[in-house]
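I have placed the structure first, in the form of structure tokens, so that the comments after it can refer back to it.
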Amino acid sequence: EAANAARDFRTEVLQYGPLFGLTELRDEIVRYVGHDGVHAVRDNICVVNGAKQVLDLALRVLVEKGDSIIVSRPTYATALHIFGNHGASTVEIEMDEDGMKADELETTLERMRSEGQPLPKLLYDVPDFHNPTGITLSEDRRRKLIDLAEEYDFFIVEDDPYRRLRYDGAPVPPIKSFDRHGRVIGAGTFSKIFGPGIRVGWANGDADLVYRMATRKSDGGTCPLTQRIILECLKSGKIDQHIRELNPVYTS
């Protein structure tokens, strides 16, 4: 696919990429997330340099220095580094075998509000095969997080790099699939499927919010060559074949 992209689309892939990503790729990502029950249109999608850039851009738009972010205890270490770069603190919520304890979060938010403390602006979680614990957040708790986001006025960044690398069991619907009011920003990536060096991911959120995130990119746009490689793999169905080949390798 790389050779084909360089040969057939050389005037595209050797130039700077568009701010929101290749139009065709955004449309393919709409179809890709649709397989998980997530409704989106092109304007909800912005192509980025991996899921970590989604988190960075979300913080640029939604969080100011001194604001707090809800996380699980433990959470993804690199996310903590990104929070620190933005001057944000964390509100840590314990986990059990079903993921972040939504009841504990509700109690914490109730206490913060009753004491007049500033409420968190954002919740960050890796709901599928959580990094570093490997736990998957239950469906009931996913729905509860949406309810709490509405009640306490915060956004959710759903970091979802591992979802399609499932070894057994039935998938749980993404948090984004329960979102009816634009509270969830889906952070997806192809890096864990193809390789970290590919650096192609996407943000999926409210169109206005995604627009604001895109305008805060410092890199202008994601590499068109790697975008085109991913696009051709999606269009041809090779990505599904690649995932089927990966899972036995990861389980061995």
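Here are some notes:
- Residues considered: Val33, Val47. Of these, the only one that is of a type in the set (A, V, I, L, M), touching a Ser or Thr at 6+ places or on another chain (Cβ under 8 Å) and either more than 23 Å from Leu148 (Cα to Cα) or part of a helix (DSSP H, G or I) (or both) is Val47.
- Among the residues of the stretch 142-159, the ones that are touching a Lys or Arg at 6+ places or on another chain (Cβ under 8 Å) and not in a loop (DSSP other than H, G, I, E, B) come to 7 in all.
- In the condition set (1) open to solvent by less than 10 Å² (accessible area, probe 1.4 Å); (2) in contact (Cβ under 8 Å) with a residue 40 or more places away in the chain; (3) of a type in the set (Lys, Arg), Arg141 is compliant with all but (1).
- Total residues in the stretch 57-72, condition under 25 Å from Arg141 (Cα atoms) and assigned to a helix (DSSP H, G or I): 3
- Odd one out for Gly50 among (1) in contact with a Gly (Cβ under 8 Å, 6 or more places away or on another chain); (2) buried (at least 18 other Cβ atoms within 10 Å of the Cβ); (3) small (Gly, Ala, Ser); (4) modelled with pLDDT of 95 or more: (4)
- Scanning the stretch 73-102 for residues that are assigned to a helix (DSSP H, G or I) and either farther than 22 Å from Ser218 by Cβ or open to solvent by 40 Å² or more (accessible area, probe 1.4 Å) (or both) gives Ala77, Thr78, Leu80, His81, Gly84, Asn85, Ala102.
- Top-ranked residue in the stretch 7-30 [being open to solvent by 50 Å² or more (accessible area, probe 1.4 Å) and assigned to a helix (DSSP H, G or I); ranked as modelled with the lowest pLDDT]: Arg10
- Among the residues of this structure, Leu123 counts as one that is open to solvent by less than 40 Å² (accessible area, probe 1.4 Å), at pLDDT 95 or above, within 17 Å of Phe178 (Cα to Cα) and not β-branched (Val, Ile, Thr).
- Every condition in (1) part of a strand (DSSP E or B); (2) over 20 Å from Val48 (Cβ atoms); (3) of a type in the set (Ser, Thr, Tyr) holds for Thr136 except the one numbered (1).
- Taking the criterion of being more than 17 Å from Gly186 (Cα to Cα) and in contact with a His (Cβ under 7 Å, 6 or more places away or on another chain), no residue of the stretch 107-162 qualifies.
- Here Tyr162 does not fit the description of being assigned to a strand (DSSP E or B), in contact (Cβ under 8 Å) with a residue 24 or more places away in the chain and either aromatic (Phe, Trp, Tyr) or surrounded by fewer than 19 Cβ atoms within 10 Å (Cβ to Cβ) (or both).
- Any chance Ala40 is closer than 16 Å to Asp160 by Cβ and among the small types (Gly, Ala, Ser): yes
- Given (1) open to solvent by 20 Å² or more (accessible area, probe 1.4 Å); (2) more than 25 Å from Asp128 (Cβ to Cβ); (3) in contact (Cβ under 8 Å) with a residue 24 or more places away in the chain, number of the condition Lys238 does not satisfy: (2)
- Members of the stretch 171-193 found to be over 16 Å from His130 (Cβ atoms), among the aliphatic types (A, V, I, L, M) and either part of a helix (DSSP H, G or I) or open to solvent by 10 Å² or more (accessible area, probe 1.4 Å) (or both), listed by number: Ile193
- Residue count for the stretch 197-210 satisfying the condition of being in contact (Cβ under 8 Å) with a residue 40 or more places away in the chain and open to solvent by 60 Å² or more (accessible area, probe 1.4 Å): 2.
- Subset tally (residues that are over 24 Å from Asp67 (Cα atoms) and either of a type outside the set (D, E, K, R) or in contact with a helix residue (DSSP H, G or I) (Cβ under 7 Å, 6 or more places away or on another chain) (or both)) for the stretch 142-163: 3
The values are calculated or read from the model by the stated rules, or taken from the named source; none is laboratory data. Not measured: the values here are computed from a predicted model. For neighbour counting, all protein chains shown are included, and Cβ atoms are generated from backbone atoms with ideal geometry for every residue, glycine included. Calculation scope for accessible area: heavy atoms of the full protein, side chains included, ligands and nucleic acids excluded. Shrake-Rupley method; radii C 1.70, N 1.55, O 1.52, S 1.80 Å.
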